[in-house]
């Protein structure tokens with residue numbers, strides 16, 4: 001980061017719902033004092049001004065078109081620090097579901113006779129194309145985690161999301177386990193930091209924050225089958241947000257076997 005009194009901060013969006021940026025705007029409304037310590041120089045959701053350089057670039061969304069690559073590289077060259085903002089930028093997100101299907105068939109299904117008009121390829125996390133200095137996981141991100149990340153960056157530290165599973169947060173909050181409610185949950189293999197918000201309201205974790213280190217995926221698959229899911233349903237559950245991570249694990253396992 002440059003040695004400035006107020007670091008220049010910019011926000012950019014690629015293929016996403018832009019919900020993470022809306023969370024940032026909500027956080028700024030709740031904590032406007034943040035604007036006293038950073039200078040937001042580009043943020044399409046909230047302002048029309050633009051800048052040629054920035055100390056910190058927050059990027060939401062996956063790279064899903066060939067034309068995205070040059071823009072990503074340009075942001076990387078202009079920014080001192082790049083932060084992947086949310087599941088799409090961090091993991092490829094929901095957009096990556098199409099990576100397991102024939103892309104031409106997907107484009108035809110979505111766009112019909114206009115399929116050739118649209119530039120599209122495999123959805124990828126931005127870290128697959130440029131160096132990323134930090135991540136803020138989630139779909140959408142947690143506003144308080146965003147504030148903590150900004151604080152860390154201002155202090156010259158890299159934000160460090162928890163590396164333990166959502167189950168830990170459920171235990172700390174004394175939530176009734178989703179499995180005891182008759183549902184299945186990806187909490188045992190998903191990175192914590194969301195305060196277990198979905199299980200706290202009786203909903204299952206869908207893995208939007210990505211995998212913990214060394215996840216016991218095969219064991220969890222067996223548990224989900226024991227709770228009534230068929231193999232196709234298990235596969236769908238695991239790849240709602242983590243398609244790319246799941247594919248990477250399969251490739252690693254195949255490489256280890258061979």
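Only the coordinates and a few stated rules stand behind these numbers; no lab work does. Everything numeric in this text was worked out from a predicted model, so none of it was measured. Positions of Cβ are backbone-derived with ideal geometry, glycine not excepted, and every protein chain shown enters the neighbour counts.
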Item to check | Packing-based exposure ordering (other Cβ within 10 Å, fewest first) of 119, 52 | outcome: 52, 119
Item to check | Cα pair count fraction exceeding 18 Å, expressed as % - segment 64-128 | outcome: 44 percent
Item to check | Compactness of segment 8-67, expressed as Rg and Dmax over alpha-carbon positions, Å | outcome: 12.1, 39
Checklist outcome for this item: With no solvent term and unit scatterers on the alpha-carbon positions of segment 8-154, Debye gives log₁₀ I(q)/I(0) at q = 0.13, 0.17 Å⁻¹ of -0.58, -0.92
Checklist entry - Angle between the Cα long axis of helix 243-257 and the longest principal axis of the chain, 0 to 90 degrees, nearest 10? => result 60 degrees
Checklist entry - Taking only DSSP H segments of four or more residues, each worth -39500 (n - 2.57), what value at 222 nm results for the chain once the sum is divided by all its residues, to the nearest 500 deg cm²/dmol? => result -11000 deg cm²/dmol
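Please report 217, 59, 25 as a ranked list, fewest other C-beta atoms within 10 angstrom at the top and most at the bottom.
So the residues, fewest neighbours to most, are 25, 217, 59.
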Item to check | Exposure proxy ranking, count of Cβ atoms within 10 Å, fewest first, for 146, 12 | outcome: 12, 146
Item to check | Cα gyration tensor shape of segment 118-190, rounded if a/c is under 1.5, else prolate or oblate by comparing a/b with b/c | outcome: oblate
Checklist entry - Which angle between 0 and 90 degrees, to the nearest 10, do you get for helix 19-30 versus the longest principal axis of the chain when only C-alpha atoms count? => result 60 degrees
Next on the checklist: Please report the antiparallel percentage of DSSP beta bridges with both residues in the chain, rounded to the nearest 5.
Outcome noted: 20 percent
Next on the checklist: With angles folded into 0 to 90 degrees, how steeply does helix 217-226 sit against the dominant principal axis of the chain? Use alpha carbons for both and round to 10.
Outcome noted: 50 degrees
Checklist entry - Among bridges DSSP assigns within segment 8-154, what percent are antiparallel (round to 5)? => result 10 percent
Item to check | FRET efficiency estimate (nearest 0.05) - Cβ-Cβ, residue 5 to residue 109, R0 51 angstrom | outcome: 0.50
Checklist entry - Measuring from label point to label point, each 7 Å out along Cα→Cβ, what is the residue 158 to residue 177 span in nm? => result 3.4 nm
Next on the checklist: Quick check: the distance between the Cα centres of segment 121-166 and segment 1-75, to the nearest angstrom?
Outcome noted: 13 Å
Item to check | residue 144-residue 49 pseudo-label distance in nm [points 7 Å out on the Cα-to-Cβ vector] | outcome: 3.2 nm
Checklist outcome for this item: Checked against the structure, the computed Cα extents along the principal axes in Å among [x] 59, 47, 34; [y] 56, 51, 36; [z] 57, 38, 32 is the one labelled [y]
Checklist entry - So for segment 166-257, what percent of the C-alpha to C-alpha distances run longer than 21 Å? => result 29 percent
